[in-house]
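The structure appears below as structure tokens.
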């Protein structure tokens with residue numbers, strides 16, 4: 001299984017910041033150590049071309065991120081302190097998702113050891129999301145005619161508001177978000193299908209809801225490619241999640257998604273999205289479950 005990763009996925013932020021920036025390197029090392037991926041299958045992306053980035057993001061916003069001249073309101077909204085390295089890492093991660101999508105079309109499954117930054121809108125970023133990597137990848141794929149109908153399965157605990165807003169008028173992109181109803185973002189632009197779960201939802205209810213939704217989606221929509229945002233923040237111990245999944249429940253969630261996509265014979269892109277477990281180690285181990293599952297199922 002090929003994956004995208006670059007050392008530049010790390011950008012320095014204050015140690016006290018809640019965003020686990022060190023998880024990208026930690027996950028990369030763990031997957032190699034556990035023989036879940038091989039070093040020969042790690043593809044290092046370059047920065048996404050600005051022309052591709054501007055298929056989704058406005059010129060002013062994209063250049064403002066690169067030059068560091070966004071106004072204070074937009075900088076605050078990002079939730080991350082701006083630096084040149086943050087701007088570079090954001091462009092690297094977007095290209096990583098584009099590369100992973102192309103590799104998935106070739107191989108059946110591929111991943112980006114970052115990505116899933118689904119809160120970024122066309123002209124601003126928020127919720128620790130600078131650029132919307134999935135949206136840019138979809139635009140590149142569709143305009144290049146590599147794929148036409150694309151399904152986004154977003155299981156991050158926070159609704160994918162940026163992706164929903166960007167593709168609200170595109171009938172060839174099906175956006176599905178399974179999230180906490182009362183959680184961020186508090187204004188939720190409609191996805192093709194939104195399912196908001198109550199606080200403290202546990203494994204059984206979550207997994208049944210997910211399985212039923214996927215059956216409905218694949219009855220209604222025939223995708224050429226699936227992006228899976230496997231955020232780990234539905235875990236009970238997550239700082240922001242408010243749902244109550246166990247680690248076993250999270251693993252079963254990944255199994256349900258991957259097995260369903262395999263059964264439909266559709267290429268699959270694996271993306272991290274969010275997760276704020278109590279420790280960096282717990283965050284890395286939870287993110288690794290998705291890749292372990294993909295390897296075990298020998299896609």
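Would you confirm, using the coordinates I've provided, whether residue 100 is touching a helix residue (DSSP H, G or I) at 6+ places or on another chain (Cβ under 6 Å) and modelled with pLDDT of 95 or more?
It is false that residue 100 is touching a helix residue (DSSP H, G or I) at 6+ places or on another chain (Cβ under 6 Å) and modelled with pLDDT of 95 or more.
Tell me which of these residue 158 doesn't satisfy, since it passes every other one: (1) free of Cβ contacts under 8 Å to residues at least 40 places away in the same chain; (2) in a loop (DSSP other than H, G, I, E, B).
Failed condition: (1).
Being touching a helix residue (DSSP H, G or I) at 6+ places or on another chain (Cβ under 9 Å), touching a residue at least 24 places away in the same chain (Cβ under 8 Å) and buried (at least 20 other Cβ atoms within 10 Å of the Cβ) is the requirement here; does residue 10 meet it?
Against the criterion (touching a helix residue (DSSP H, G or I) at 6+ places or on another chain (Cβ under 9 Å), touching a residue at least 24 places away in the same chain (Cβ under 8 Å) and buried (at least 20 other Cβ atoms within 10 Å of the Cβ)), residue 10 does not qualify.
What helices (runs of 4 or more DSSP H) lie completely within the range 35-148 and have 2 or more residues being within 29 Å of residue 224 (Cα to Cα)?
50-53, 84-107, 133-143
Report the residue count in the range 103-126 for those that are surrounded by 24 or more Cβ atoms within 10 Å (Cβ to Cβ) and out of contact with any helix residue (DSSP H, G or I) (no Cβ under 8 Å at 6 or more places or on another chain).
Matching residues across the range 103-126 total 1.
Considering the range 129-144 alone, what residues qualify as being in contact with a helix residue (DSSP H, G or I) (Cβ under 7 Å, 6 or more places away or on another chain) and either under 16 Å from residue 105 (Cα atoms) or surrounded by fewer than 19 Cβ atoms within 10 Å (Cβ to Cβ) (or both)?
Result: 134, 137, 140, 141.
Any chance the range 272-290 includes a residue that's farther than 20 Å from residue 185 by Cβ, in contact with a helix residue (DSSP H, G or I) (Cβ under 9 Å, 6 or more places away or on another chain), surrounded by fewer than 17 Cβ atoms within 10 Å (Cβ to Cβ) and at pLDDT below 95?
For the range 272-290, residues farther than 20 Å from residue 185 by Cβ, in contact with a helix residue (DSSP H, G or I) (Cβ under 9 Å, 6 or more places away or on another chain), surrounded by fewer than 17 Cβ atoms within 10 Å (Cβ to Cβ) and at pLDDT below 95: absent.
The values are calculated or read from the model by the stated rules, or taken from the named source; none is laboratory data. Note that the coordinates shown come from a computational prediction; the quantities given were computed from them, not determined experimentally. Cβ atoms come from the backbone with ideal geometry, glycine included; neighbour counts cover every protein chain shown.
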